[in-house]
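Data block below; observations after.
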Amino acid sequence: MPQSIPPRPSPPHPRADGLAKACGTERYAADLYPPGLVWAGAFRPGVAHARVRAVHTDRAQAVPGVIRVLTAKDVPGTNLQGIVHKDQPVLCEDKVRHAGDPVALVLAESREALVRVLGLITADLEPLPGVFTPEEALKPGAPLIHDGRPQGNILLRAVIAKGRAAQALRRCPVRLTGVFHLPMQDHGFLETQNGVALLTPDGVLEMDVSTQAPFRDRFEIGHALGLSPWNIRIRAPYLGGAFGGKDGATVQCLLGLAAMNVPGRPVKMVWDREECFLAGYKRHPATLRYTLGAEADGRLTALRCRLVYDTGAYAHLGGEVMELGLEHAAGPYRIEHVRLEGLAVYTNNPVAGAMRGFGVAQASFGFEGMMDALARRLDMDPLELRLKNALRPGDVNPAGVRLTSSVGLVECLETVRTHPLWTGRRQWEAQAPPLTRRGVGLAAVFNAMGYGRGLPDMAVAKLELLEDGRFRVYSSVADMGQGNASAYAQLVAQDLNQDAGAVELLQPDTERCHPSGSSSAGRTTYSFGNALLKACTAMRVKLLSRAAMVLMRDELTSLELAPGRVVHPASGRSLALADLGRLLSRDDRVCVAEFLMPVAQDPPKTGTAFPIGFPHLFFSYAAHLARVEVDELTGRIRVADYLAATDGGRVLDPQRFHQQIEGGVAQGLGYALMEEVALDQGRILSDTLSTYLLPTSLDLPDTLSLAVDGCEDTGPRGLKGVGEVGMNGPLPCLAAALASITGQRPDRAPLTPERVLRALNRKPRLRKQA
Amino acid sequence: MNVRLPVTLAELFAALEEPGARVLAGGTDLLVQLRSRAGAHGSQTLVGLERIRELQGITATDGVIRIGAAETHASILENRLARSRLPLLTAALAELGGPAIRNMGTIGGNACTASPAGDSLPPLYALEAEVELASRQGLRRMAISGFIQGPGRTSLERGEILSALLVPQAKGFDLHHFEKVGRRSALAIAVVSLAALIRRDPSGRVLEARLALGSVGPTVLRCPEAENLLTGRRLTLASLKPAAAALRRAVTPIDDVRATAAYRRQVAGNLLLRLAVLA
Ligand SMILES: Cc1cc2nc3c(=O)[nH]c(=O)nc-3n(C[C@H](O)[C@H](O)[C@H](O)COP(=O)(O)OP(=O)(O)OC[C@H]3O[C@@H](n4cnc5c(N)ncnc54)[C@H](O)[C@@H]3O)c2cc1C
């Protein structure tokens, strides 16, 4: 459904949330302190794997200010949460499976009392042998994390195959292998997991919560606590960051349980930073094994790989994350023969789940590492090698999907190829100051958009003409800071030819808005935006036809929308939208429309282990370049320059577009340079922001973000999602730069000074490229 | 929790006699410590230093710069006297924490925390600074290296505070160099740091070298062996290497979540090699 080009060039569109956030007046869930508040907190014994013999709460129950101490036996319903697989207890009864597992929930009159009570609960635990790497978990006879599963510790195993990889590899003149290790990453959002809940006198559980999936939360909470989802109302104010970490219940089920025990009183739960590390979801650590086969001229022929993702103690979205990684594992390239095998494996580590670049950030290190190694082996320019193999429109991708969607990777690579940061790289490298080595790296990456086949990626938008002639968008997709809400306001203002200030936004509220999927998967502006534009079309017809009656016109084409009015240019007469707002009944002032994301037709007959979410049809693409300086004495890396050329379809708003790219690159550089949740036997060693390091502004270069000229015909105004693709480039890009310096491909992230120094001190193994 | 804000030293010493009283300067170490023992500070009294005139100010007498213990890192960095006469110290303070921490944190707090990673300490050791301690009994002075006894341990007696740092200006030293290796460029605890002061004759031969290393042992460490190895030599990679090896032998680093002992040891020596390109 191609959309028309905007009626006039877009003026710079201010972020709808900019002023309130800058002034500190925006109310996040964490800012809510309704009167009569009860504080809730979880008791987590901190042991990675143990049988729970008893939970002792007697001393805790005696503390002044304590209201209730609840344990598993107080949980109605299934006591199981989870998005796809329900395997995670709200409160553990017989077993804890990771150090963050809770066994009791405390309700107290004050925060101070809560802290005191939590300090007095003890758990009688019988330690069980734990498994802390997928390798251990896969060994025969390994301790089982979950009982009664025929697949043991394997959550999901899947294969995506095309052609005959094994045979093709045997025939390839050039064959390379590689192993890659990726760390656990934390989302590092500012606003930790939190919410406020209330059980109303008519039995409705209301919750204001920092969540990416308000509509789905109702089902997750309902299932766990034995409530009807229709008696649960969720509101999702702007989030202070999420990056995937608030997709799926965090505080929701605990908070619901708490509220059910103090009917009529609001209950607040806020995780502090330590609890956020301990109990929050993480990016999956992974180990990737690759074999790549190519022709002597650099054409890729065959690829085989095995990706193993450590999902931690519970499934959460482990299978789905592994799926997306697997679907991207062969890179954005034409390869005829592939056999991609993926495993998501349970361990007693912290629970892994969704995070920006959902499985793909890991895989990108693998396929780009292999491309770089191939360029070195063949003495080929790494950019030309990628261009030669890059997917083009109409190609069949490695997962077997014919790309009827927009594909702009070649344009991204060409943008880099002609850029002075690339063309001048040799000279820049040669001018390295003393005790400093310089290198330039490149990466081509991509990231799917939407849920994929088998899971309807649906959005339902509601648009209302207000009585004063302005418009209200009932947003159904949470804004975690990425700016989708602003995009909705902009789409409406432009489509209906109104001033930016004439559109107001209502943040998701399951009672007032319509179900529209989660804020995830690069889908927020694409899916909801498409639905919203349909609603705008209906609204336009409505406004013109109602105005026609007043203005006495028998043809709608003679009328136009202008800011605040419907005008009849021929006569100069007009009708104010404020008058229409009063003229129409409430029912007539509302337009609702839906959009369902298209899926791949003729899906390949592979990946059968994925009943939902495979394959994908739409992807954003990018080519990244990094200029890197390494200090020979300390191994410290300084990223001097960074260029990201991105195909995200047409750009709706340059500011928000580049913010997504720069933010993704910053988070990706953190992943590349320093971020790692350090673990010892399932216990988190880096559980504060002084030991878990995120990059500061001094660690980041000024990222130059360029958008290539693209258009996705099915997208609202031609756009695709760009929230994730920027995350995937920095690690492979820096690894490539480093390899050009040391002659060795890094096989482990993050690229810490210590690892870099070790690599500098080793004799080069690979030939330096001419 | 009680908070006292005395204005005079006499009031301060009285307040410090309250049970559970603790000195609070900028609070950037103390409040972090207290937070990790949540719920346990009901009976605590915090005695703030910020209103006491005697603990502020930066003055020079006979080549010794006196820095009031409650001076913040930011105010020292803004001070012309400190910047021109103590470039080694200000180079280190410029890398301490980030802007917010430098606005709150004090040099006295940094010394009293007595962390081997305290960024002001390697320069203070190299400059052979003294501390001035004050109590009801009066003042006493001692070398910074005697004041700091181990991680988190100082020579402060009960009821005694650090009132000032007395830092000799390093006259005649022509190379003042500080380098900190952290895991990131700001808000990072040092993994290794080096403060170097070098005095040379007109031909470039070293007359005197002072080298102090941070984060590679229980306290900041001077290394006389390496210092002596440099004496009489010009600063070239070749002449620095034996001294770097001596530094690596002298350090006693540990493994932690930030770096391994092996890395700290190697880099402790490597940092000295930087002098070859500065000279
Ligand atoms: C985010 C962050 C980053 C940091 N980064 C760095 C860094 O890069 N480098 C670094 O060295 N440090 C760093 N620190 C630690 C801290 O900021 C410094 O050590 C600072 O100088 C402490 O000074 P303060 O005034 O805040 O001390 P406070 O916290 O007020 O006091 C620290 C201790 O010293 C005692 N004390 C303070 N002043 C006196 C006095 N005059 N007499 C007697 N006892 C006293 C207190 O009782 C307390 O025990 C960081 C801290 C944080 C929170």
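Would you work out if segment B:2-48 is rounded, prolate or oblate? Take a ≥ b ≥ c from the square roots of the eigenvalues of the alpha-carbon gyration tensor; rounded if a/c is under 1.5, else prolate when a/b is larger than b/c, oblate otherwise. Oblate shape, in that a/c is at least 1.5 and b/c is the bigger or equal ratio.
Note that segment B:175-278 presents 37 Å² accessible area per residue, ligands and nucleic acids not counted, probe 1.4 Å.
I'd like the mean, over residues of A:669-676, of how many other protein chain beta carbons sit within 10 Å of each residue's own Cβ. Present the calculation step by step, with values, prior to reporting the outcome.
Numbers: counts 0, 1, 0, 0, 2, 3, 0, 1.
That works out to 1 on average.
Per-residue ellipticity at 222 nm computed for chain A from its helices equals -8000 deg cm²/dmol, with DSSP H segments shorter than 4 residues left out and the rest contributing -39,500 (n - 2.57). Using Cβ point charges alone (K and R +1, D and E -1), the dipole size of the protein assembly as shown about the Cα centre works out to roughly 2660 debye. Helices that extend 20 Å or more along their long axis by alpha-carbon positions and average at least 0.5 on the Kyte-Doolittle scale are, among the DSSP H runs of chain A, A:524-551. When peptides A:474-486, B:107-119 are ranked by their average number of other Cβ atoms within 10 Å per residue, the highest-first order is A:474-486, B:107-119.
Using a 1.4 angstrom probe on heavy atoms only, work out the carbon and sulfur share of the accessible area of segment B:175-278 in %. Present the calculation step by step, with values, prior to reporting the outcome.
Details: 2160 of 3850 Å².
It is 56 percent, rounded to a whole number.
The 3J(HN,Hα) values that the Karplus relation (6.51, -1.76, 1.60; θ = phi - 60°) gives for segment A:81-91 are, in residue order, 10, x, 7, 9, 9, 9, 10, 10, x, 5, 10 Hz. Gly and Pro appear as x.
The shape of chain A comes out oblate: with a ≥ b ≥ c from the C-alpha gyration tensor, a/c is at least 1.5 while a/b does not beat b/c.
So, with +1 on the Cβ of K and R and -1 on the Cβ of D and E, and no other charges, what is the size of the charge dipole of segment B:175-278 about its Cα centre, to the nearest 20 debye?
Working: 17 positive and 7 negative charges, 38 e Å.
With Lys and Arg at +1 and Asp and Glu at -1, about 180 debye.
Take each residue of peptide B:174-184, count the partner chain Cβ atoms within 10 Å of its Cβ, and average: the result is 3.
Taking 25 Å as the straight-line reach from the Cα of B:Lys171, the lysines in range (excluding those fewer than 8 positions away in the same chain) are B:Lys180. Assuming charge only on the beta carbon of Lys and Arg (+1) and of Asp and Glu (-1), the dipole of segment B:53-168 about its Cα centre is about 140 debye to the nearest 20.
Carbon and sulfur atoms: what percent of the 1.4 Å accessible area of chain A do they account for?
Working: 14300 of 27100 Å².
The computed percentage sits at 53.
Kindly identify segment B:82-219 as rounded, prolate or oblate by the Cα gyration tensor criterion: order the square roots of the eigenvalues as a ≥ b ≥ c, call it rounded if a/c is under 1.5, otherwise compare a/b with b/c, prolate if a/b is larger, else oblate. Since a/c reaches 1.5 but b/c is at least a/b, the shape of segment B:82-219 is classed as oblate. Peptide B:259-271 is shielded by partner chain Cβ atoms: per residue, an average of 3 of them sit within 10 Å of its Cβ. Here the simple spin-label model places points 7 Å from the Cα toward Cβ, and for B:Arg140 and A:Arg289 these points are separated by 6.6 nm.
Using the average count of surrounding beta-carbon atoms within 10 Å as a protection proxy, the listed peptides A:611-624, A:216-229, B:55-68, A:353-366 rank, highest first, as A:353-366, A:611-624, A:216-229, B:55-68. Summary of packing: across the peptides A:432-440, A:98-106, the per-residue average of other C-beta atoms within 10 Å ranks them, highest first, as A:98-106, A:432-440.
Set the bar at 24 Å for Cα to Cα. Now go through A:Lys388/A:Lys605; A:Lys534/A:Lys720; A:Lys246/A:Lys605; A:Lys282/A:Lys605 and name every pair that lies beyond it. Don't skip to the answer; put the middle values down first.
Working: A:Lys388/A:Lys605 27 Å; A:Lys534/A:Lys720 17 Å; A:Lys246/A:Lys605 33 Å; A:Lys282/A:Lys605 32 Å.
From A:Lys388/A:Lys605; A:Lys534/A:Lys720; A:Lys246/A:Lys605; A:Lys282/A:Lys605, over 24 Å: A:Lys388/A:Lys605; A:Lys246/A:Lys605; A:Lys282/A:Lys605.
Each residue of segment B:113-123 was assigned a 3J(HN,Hα) from its phi angle through the Karplus curve 6.51 cos²θ - 1.76 cosθ + 1.60 (θ = phi - 60°); the sequence is 5, 6, 7, x, 9, x, 6, 6, 6, x, x Hz, with glycine and proline shown as x.
Excluding same-chain neighbours fewer than eight residues apart, the lysines reachable from A:Lys73 by a Cα-Cα span under 20 Å are A:Lys86, A:Lys95. Shown here for segment B:114-166: trypsin sites (Lys or Arg not before Pro) in loop regions (DSSP other than H, G, I, E, B) with at most 10 other Cβ atoms within 10 Å, namely B:Arg158.
Calculated accessible area for segment B:2-48 comes out at 53 Å² per residue, all protein chains present (probe 1.4 Å; ligands, DNA, RNA ignored). Across chain A, Cα pairs under 8 Å and at least six residues apart give a relative contact order of 16 percent. Counted by Cβ distance under 12 Å from B:Cys223, the other residues give a net charge of +2, where Lys and Arg count +1 and Asp and Glu count -1.
A DSSP coil position with no more than 15 other Cβ atoms inside 10 Å describes the following GluC sites (Glu not before Pro) in segment B:131-166: B:Glu157.
Comparing B:Glu227, B:Glu11, B:Glu128 in a Gaussian network model of chain B, where Cα atoms under 10 Å apart are tied by springs, the biggest mean-square fluctuation is seen for B:Glu11.
Axis of helix B:237-250 versus longest Cα principal axis of chain B: the two differ by about 40°, to the nearest ten degrees.
In percent, how large is the relative contact order of segment B:175-278, given Cα pairs closer than 8 Å and 6 or more residues apart? Before the final figure, lay out each step's value.
On the way: 197 pairs, mean separation 23.4, N = 104.
Relative contact order of segment B:175-278: 22 percent.
Out of all DSSP beta bridges in chain A, what portion is antiparallel? Express it as a percent rounded to 5.
Details: 104 of 131 bridges.
The antiparallel proportion sits near 80 percent.
The values are calculated or read from the model by the stated rules, or taken from the named source; none is laboratory data. Since we're looking at a predicted model, the values are computed, not measured. Virtual Cβ from ideal backbone geometry, glycine too; neighbours counted across all protein chains shown. All accessible areas refer to the heavy atoms of the entire protein, side chains included, with ligands and DNA or RNA removed. Shrake-Rupley method; radii C 1.70, N 1.55, O 1.52, S 1.80 Å.
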